[in-house]
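These notes concern the structure reproduced below.
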Amino acid sequence: MKWWIGTLALIGFLTGCGTTNTHLVSAHSVQTALPKGVENSLSAPKARMRKATSLPVKRVAFHSLQNDENVLYIAPNEVYAIQQFRSIWGHLKIKPTVVWTDSDKAAAIQLWSKEGFKKDPLPSNKTFYSSSTPPTPDAYHKIKSGTWDEEPGILSDASTGYWIKFF
């Protein structure tokens, strides 16, 4: 009986069962598309927009982020969201500052490689990494000093052009 419990514990450890650590994501568990059921239930982007008085991760070069017009928080394992932003990235005149959450640079590079990206999939003039795990993806557009439009979540595939207007 003891060997069975030990085997289950080892399987749980090896598969990352019960952990949110992005370092344990396997290439087989990468979600490259938003499930249709989720996409169909998404409300319009403007319906989800809210006002924010601060950015979620203050430890990441906070003074630098305060001067930026647009900031995107995203985790390196959110492939479906990365793909949505990649679809409009080339159309943005000024790329938003990107904060990769729940990761450091080395872990992000490793995940991107497993996801099929040879380098940073959302290159920006300012890129930061944070071990913090705020809800992501989350985009911010500065309205005035200390006030931001916050657009949480992802969009339906038909609405990704909205990000061009948002940023």
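Details
- For the range 41-137: rounded, prolate or oblate by the Cα gyration tensor [a/c cutoff 1.5]: rounded
- For SER131 and ILE164, a Förster radius of 35 Å and the Cβ-Cβ distance give a FRET efficiency of 0.70, rounded to the nearest 0.05.
- A Cβ-based charge dipole, computed about the Cα centre of the range 57-167 with Lys and Arg at +1 and Asp and Glu at -1, lands at about 380 debye.
- Derived scalar couplings ³J(HN,Hα) [the range 128-140; Karplus, 6.51 cos²θ - 1.76 cosθ + 1.60; whole Hz; x for Gly, Pro]: 10, 10, 9, 7, 5, 10, x, x, 9, x, 8, 10, 10
- Ligands, DNA and RNA left out, the 1.4 Å accessible surface of the range 88-167 is 53% carbon and sulfur atoms.
- Each residue of the range 95-141 gets 80 Å³ once the volume of the Cα convex hull is shared out per residue.
- Solvent exposure of the range 68-163, expressed per residue, is 43 Å² of accessible area, with all protein chains present and a 1.4 angstrom probe.
- Among SER130, SER159, the sequence by solvent-accessible area, most first, with a 1.4 Å probe is SER159, SER130.
The values are calculated or read from the model by the stated rules, or taken from the named source; none is laboratory data. This is a predicted model, so every value here is computed, not measured. Counting neighbours? That spans all protein chains shown, and the Cβs are built from the backbone with ideal geometry, glycine included. SASA here: full protein model, heavy atoms, side chains in, ligands and nucleic acids out. Shrake-Rupley method; radii C 1.70, N 1.55, O 1.52, S 1.80 Å.
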